[in-house]
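Undergrad: My questions all concern the structure below.
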Amino acid sequence: MTRARRPAPRRATVTPKDTATAATRPISPAPRVPAVAFVLVALVFLASVLAAVALALGLTGCFESPAVNEPELPTGKSRAVAETLLPSVVDVRAWGGGIEEGRVTIGTGVVVEEGGFIVTNDHVLTGNGDGLAAEIEVVVDGGDRLDALLVGRDPAMDLALLQVERGDLPVAKFYRRDARVGQAVLAIGAPRTL
């Protein structure tokens, strides 16, 4: 028995003429945004800018706290502030123990309470290492050197509390006050070792 052959399906043939026509067909332009929409967006932007300016002008002075009094320390004159606070600023020196042999670390401390209590940075007592100093010395205003006892420390906060056996040290005056951006500050530290 002979089978009848079916004719093969015809394949489409592409001529160079068809290719050129497909490549050069014009692409329809994107729809244009009406001018009215542009004007509306511009007006909304302008209105939001004007509203922000009006709000900022209306809030001027809102962040001032009338309940906070100005400190009694002289302000605006760095020298006068420094002269008031410097007697309560001390040098802290630490060595031995966990600090590298032959190395002395130097930092600043502030007398914070009567009885010779001084706050300093914890890293001064460790030499930025893991070990703790065996010897701690404080040099007070006037040059007297006093042995210091470590009362407590908080390495996470980088703070340490020392105590010296001298009750007549001047205590720094601290003021509770809200800090504001642009407010002047004065940093005082280790004046005798600089």
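The values are calculated or read from the model by the stated rules, or taken from the named source; none is laboratory data. If you're wondering where the values come from, they're calculated on a predicted model, not measured in any experiment. Note that each Cβ is placed from the backbone with ideal geometry, even for glycine, and that neighbours are counted across all protein chains shown. Just the protein is used for accessible areas: all its heavy atoms, side chains included, with ligands, DNA and RNA removed. Shrake-Rupley method; radii C 1.70, N 1.55, O 1.52, S 1.80 Å.
Undergrad: Among the residues of the range 147-173, write down those that are without any contact (Cβ under 8 Å) to a residue 24 or more places away in the chain and within 22 Å of GLY115 (Cα to Cα).
TA: Within the range 147-173, ASP147, LEU149, GLY152, ASP168 meet the criteria.
Undergrad: Please enumerate the residues belonging to the range 165-179 that are at pLDDT 75 or above, open to solvent by 70 Å² or more (accessible area, probe 1.4 Å) and more than 13 Å from LEU86 (Cα to Cα).
TA: Selection gives GLU165, ASP168.
Undergrad: With at pLDDT below 85, touching a helix residue (DSSP H, G or I) at 6+ places or on another chain (Cβ under 7 Å) and either of a type in the set (A, V, I, L, M, F, W, C) or not in a loop (DSSP other than H, G, I, E, B) (or both) as the only criterion, which of ILE188, ILE136 stands out?
TA: ILE188
Undergrad: Among (1) open to solvent by less than 70 Å² (accessible area, probe 1.4 Å); (2) under 26 Å from the mean Cα position of the chain (by Cα); (3) without any contact (Cβ under 8 Å) to a residue 40 or more places away in the chain, there is one condition VAL89 misses while meeting the rest; what is its number?
TA: Failing condition for VAL89: (3).
Undergrad: Taking ASP141 as the residue in question, decide whether it is among the acidic types (Asp, Glu), under 21 Å from LYS173 (Cβ atoms) and either assigned to a helix (DSSP H, G or I) or open to solvent by 20 Å² or more (accessible area, probe 1.4 Å) (or both).
TA: So ASP141 fits the description; yes.
Undergrad: Then there's this: Which residues, taken from the range 101-136, are of a type in the set (A, V, I, L, M) and open to solvent by less than 20 Å² (accessible area, probe 1.4 Å)?
TA: VAL111, ILE118, VAL124, LEU125, ALA133, ILE136
Undergrad: Here's another thing I want to ask about it. Residue by residue through the range 144-158, note down the ones that are part of a loop (DSSP other than H, G, I, E, B) and open to solvent by 50 Å² or more (accessible area, probe 1.4 Å).
TA: Correct list: ASP144, PRO155, ALA156, MET157.
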